[in-house]
Amino acid sequence: MLENETKDAESQKDVDPMTKAIGAIGKWQLWICFVVFLVKFPVAWHQMSIIFLAPPMGYTCSNNDTFDNQCFTNCTKYKYDHSVFGDTIISQWDLICDRAWLKNLTQTIFMLGILVGNMVFGHLSDRFGRRNPFLAAVFLQLLAGVTTAYSVNWYMFTSLRFLLAVATGGTMVTSFVLTMELIGTKYRDMIGIIYQIPFNLGHLTLPLFGYFLRNWNTFQLAISLPSILFLSYYFLLPESPRWLMTAGRVDDALKILKTAAKRNGRPTENIESSIQKMVVEVSSVQERASFLALFRTPRLRARTIAICFNWFVCGFCFFGVSQYIGHVSGNIFSNVAISAAILVPGTIISIYANKVLGRKITLMSSNCVTGLSCLLITVVPTSTASHLTLGCVGLWGMSISFATVYLYAGELFPTVVRNSGVGLSSTVARVGSMVAPFVATLAHTSAWLPPLAFGIVPLIGACLCIILPDTRGKKLPDTLEEGEA
């Protein structure tokens, strides 16, 4: 009995003053989470839209009658099979034969934009707060998304999509940070994983847009216009009280915290004294270390490389396999819908797997599921059903891996370099997603190459997990010395 009381007293002592004031989670936080999570729908639509902007299309020289997908040196004009889609970016700008690589380059440049957006808006949100950069990103996303639909050539389309990607990367990083700063430590893991589900649902609704809107420009317009709703966030979304305190705006933080406490049905009398204590703590926090510190000591260096490679695996395999499934023969709409539907159970399972098995076993297992299912594609007899099933199993494994590496990176890096460590990991994931389109479309050249690449890479990731410690339930390392130990 006495031991339990001591434990309770210790946990009360460890509770962060802000959590003590407004609660770890309540009506106020859930409302903010709901509002912010809606932004993940357009994130999924824009990131995965290439599947329907540039779907596989039959083509032939204009003087032929059968769509034989043959390239002719003396052909001046090609005609396209419009039986499934109207105009796509492929038929609009002849992205076939010696121009086929431009289709992949478009998606690679888009993923580069996501990376730039993560970095630029990450810096802006540290400098100017979470709310204003978030609103700026949402506005830019709307503007760039709508104007992309009116592109007159490939260069304009790709440039505007790069801007759209910068904005999308901005909404991703600012919304995630804002959510994590409002939730108490106890629920942060679960909310961090649930944060992936709206992305999965966005991916799942994308085939509906593709099915009803068969021309690329009306499709692009339809996935961009819903962002108009997010302009209302100017009135709905508060600034992060944590950021306000670090910026010395204590009165503004208090106002928001009192509103939150009232909404959560908690007393507001002692908030000021709790927050004053927090302001003292924040002002005495030690200087951040440079991200190069991640590579100075041998153990931390090895762990950084291992976790970064696993982020590469997620970016490379998740976007690569998704695109590959779009190219599997059969009905593109049902193929994409089935592959997206399997992601939600994967994300939910990852919550329990991380609790029961820990980070290390969960990540190794899910990487092995993806690796083995993709390798099986290379050996099973060619049939749409078997390739689609194995591709979906691979994607399901990745949905668990992606949710797990988010948690893992946040717990593995010491506090003084945590932001830099997670930022570096996320950058490496973007590099993976930039390479993915080129690998996914190799199926036209050699059917076994994409599944072979998507099979070997996650298995290497699983092997590298051996050198990682399991961080479940462990105290987060604060200093570089603790990180090394």
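A compact table of results
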read-out	value
Conditions (1) at pLDDT below 95; (2) open to solvent by less than 50 Å² (accessible area, probe 1.4 Å); (3) of a type in the set (Ser, Thr, Tyr): number failed by Tyr234	(2)
Arg99 being basic (Lys, Arg), surrounded by 20 or more Cβ atoms within 10 Å (Cβ to Cβ) and out of contact with any His (no Cβ under 8 Å at 6 or more places or on another chain)	no
Residues located in segment 51-87, provided they are at pLDDT 85 or above, open to solvent by less than 60 Å² (accessible area, probe 1.4 Å) and among the polar types (S, T, N, Q)	Thr60
Test: residue in segment 44-58 that is hydroxyl-bearing (Ser, Thr, Tyr), under 30 Å from Ile193 (Cβ atoms) and part of a helix (DSSP H, G or I)	no
Single residue of segment 170-181 satisfying the filter (in contact (Cβ under 8 Å) with a residue 60 or more places away in the chain and open to solvent by less than 10 Å² (accessible area, probe 1.4 Å)) that is farthest from Val138 (Cα to Cα)	Thr179
Single condition Thr445 does not satisfy, out of (1) crowded, with 17+ Cβ neighbours inside 10 Å; (2) under 22 Å from Ile50 (Cα atoms)	(1)
Positions within segment 22-32 being in a helix (DSSP H, G or I) and open to solvent by 10 Å² or more (accessible area, probe 1.4 Å), in sequence order	Lys27, Trp28, Leu30, Trp31
Single condition Ala293 does not satisfy, out of (1) touching a residue at least 24 places away in the same chain (Cβ under 8 Å); (2) part of a helix (DSSP H, G or I); (3) open to solvent by 10 Å² or more (accessible area, probe 1.4 Å)	(3)
Members of segment 445-485 that are at pLDDT below 75 and in a helix (DSSP H, G or I)	Leu480, Glu481, Glu482, Gly483, Glu484
Qualifying residue in segment 121-131 (condition: over 28 Å from Leu231 (Cα atoms) and surrounded by fewer than 20 Cβ atoms within 10 Å (Cβ to Cβ))	no
Residue in segment 136-154 that is in contact (Cβ under 8 Å) with a residue 12 or more places away in the chain, closer than 28 Å to Met180 by Cα, open to solvent by less than 50 Å² (accessible area, probe 1.4 Å) and hydroxyl-bearing (Ser, Thr, Tyr) present	no
Hits in segment 296-325 - residues which are more than 16 Å from Val457 (Cα to Cα) and assigned to a helix (DSSP H, G or I)	Pro298, Arg299, Leu300, Arg301, Ala302, Arg303, Thr304, Gln323, Ile325
Listing of helices (runs of 4 or more DSSP H) fully contained in segment 326-429 that carry 3 or more residues being over 18 Å from Ala443 (Cα atoms), at pLDDT below 90 and open to solvent by 10 Å² or more (accessible area, probe 1.4 Å)	343-356, 384-412
Test: residue in segment 453-466 that is of a type in the set (Gly, Ala, Ser), surrounded by fewer than 22 Cβ atoms within 10 Å (Cβ to Cβ) and over 16 Å from Phe312 (Cβ atoms)	no
Only one of Pro207, Pro198, Pro133, Pro226 that is in contact (Cβ under 8 Å) with a residue 40 or more places away in the chain and touching a Pro at 6+ places or on another chain (Cβ under 7 Å)	Pro226
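The values are calculated or read from the model by the stated rules, or taken from the named source; none is laboratory data. This is a predicted model, so every value here is computed, not measured. Using ideal geometry, Cβ is built from the backbone for each residue, glycine included, and neighbour counts are taken over all protein chains shown. Areas reflect the complete protein model, heavy atoms only, side chains present, ligands, DNA and RNA absent. Shrake-Rupley method; radii C 1.70, N 1.55, O 1.52, S 1.80 Å.
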